[in-house]
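Colleague: Here it is, the structure in full.
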Amino acid sequence: MYLVKISPKKEFLQEVPKKELESFHYFMNTISRIKRADSLIIGMERWIPDCGPVLIKNGFHVFAHPRELSTEQLLQAYKIFKNLPSYQESTFHYQRQQFVARYGSKDEEMLESKSTDETVDLDDHEFLEN
């Protein structure tokens with residue numbers, strides 16, 4: 001088993017403040033697992049009904065699937081979503097809390113078990129061949 005450290009770009013924390021990271025993580029995790037037959041708008045309307053017109057006004061195609069969108073577009077969708085008037089009362093927060101209660105401790109366990117002594121150089125071809 002290998003542990004890989006992934007760090008965000010410095011600009012990312014300007015786009016998504018630390019206090020919103022949990023919500024952003026849940027948003028991206030859920031949106032990225034939408035069925036192929038569904039669209040981004042259908043997925044988001046499960047949390048906030050009738051939010052589709054706002055997304056369409058901001059340039060999102062009605063049938064656009066999250067896998068077809070760039071990371072910048074997904075970030076834009078999250079920003080639009082969190083700024084909707086009914087965001088605070090949406091089911092998104094309840095479902096996020098359920099997600100964290102179910103999977104959050106596993107993330108913490110993984111962080112506690114990681115070794116800070118070992119660093120892997122991804123440019124090391126011997127490492128990649130093994």
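Colleague: Looking only at the range 32-49, how many residues end up being part of a helix (DSSP H, G or I) and touching a helix residue (DSSP H, G or I) at 6+ places or on another chain (Cβ under 7 Å)?
Modeller: Residues that pass the stated criteria total 5.
Colleague: Under 8 Å between Cβ atoms, at least 6 apart or on separate chains: pull out the pairs that start in the range 71-97 with a residue that is in contact (Cβ under 8 Å) with a residue 24 or more places away in the chain and end on any residue that is exposed (fewer than 13 other Cβ atoms within 10 Å of the Cβ).
Modeller: If the second residue must be exposed (fewer than 13 other Cβ atoms within 10 Å of the Cβ), the pairs left are 80/58.
Colleague: Go through the range 1-31 and report how many residues are in a helix (DSSP H, G or I) and surrounded by 10 or more Cβ atoms within 10 Å (Cβ to Cβ).
Modeller: Here the count works out to 15.
Colleague: Filtering the range 32-47 down to residues that are surrounded by fewer than 18 Cβ atoms within 10 Å (Cβ to Cβ) and in contact (Cβ under 8 Å) with a residue 12 or more places away in the chain, which residue is farthest from residue 97 (Cα to Cα)?
Modeller: Checked the range 32-47; the qualifying residue farthest from residue 97 (Cα to Cα) is 36.
Colleague: OK, next. Name the pairs: first residue in the range 1-24 and farther than 15 Å from residue 71 by Cβ, second residue charged (D, E, K, R) and not in a helix (DSSP H, G or I), Cβ to Cβ under 6 Å, at least 6 apart or on different chains?
Modeller: 3/114
Colleague: Okay, next question. Would you say residue 27 is in contact with a helix residue (DSSP H, G or I) (Cβ under 9 Å, 6 or more places away or on another chain), under 22 Å from residue 97 (Cα atoms) and not acidic (Asp, Glu)?
Modeller: Yes.
Quick note: the coordinates plus some simple rules give every number you see, no bench work behind them. Given the structure is predicted, the values throughout are model-derived calculations rather than measurements. Cβ: placed from backbone, ideal geometry, glycine included. Neighbour counts: every protein chain shown.
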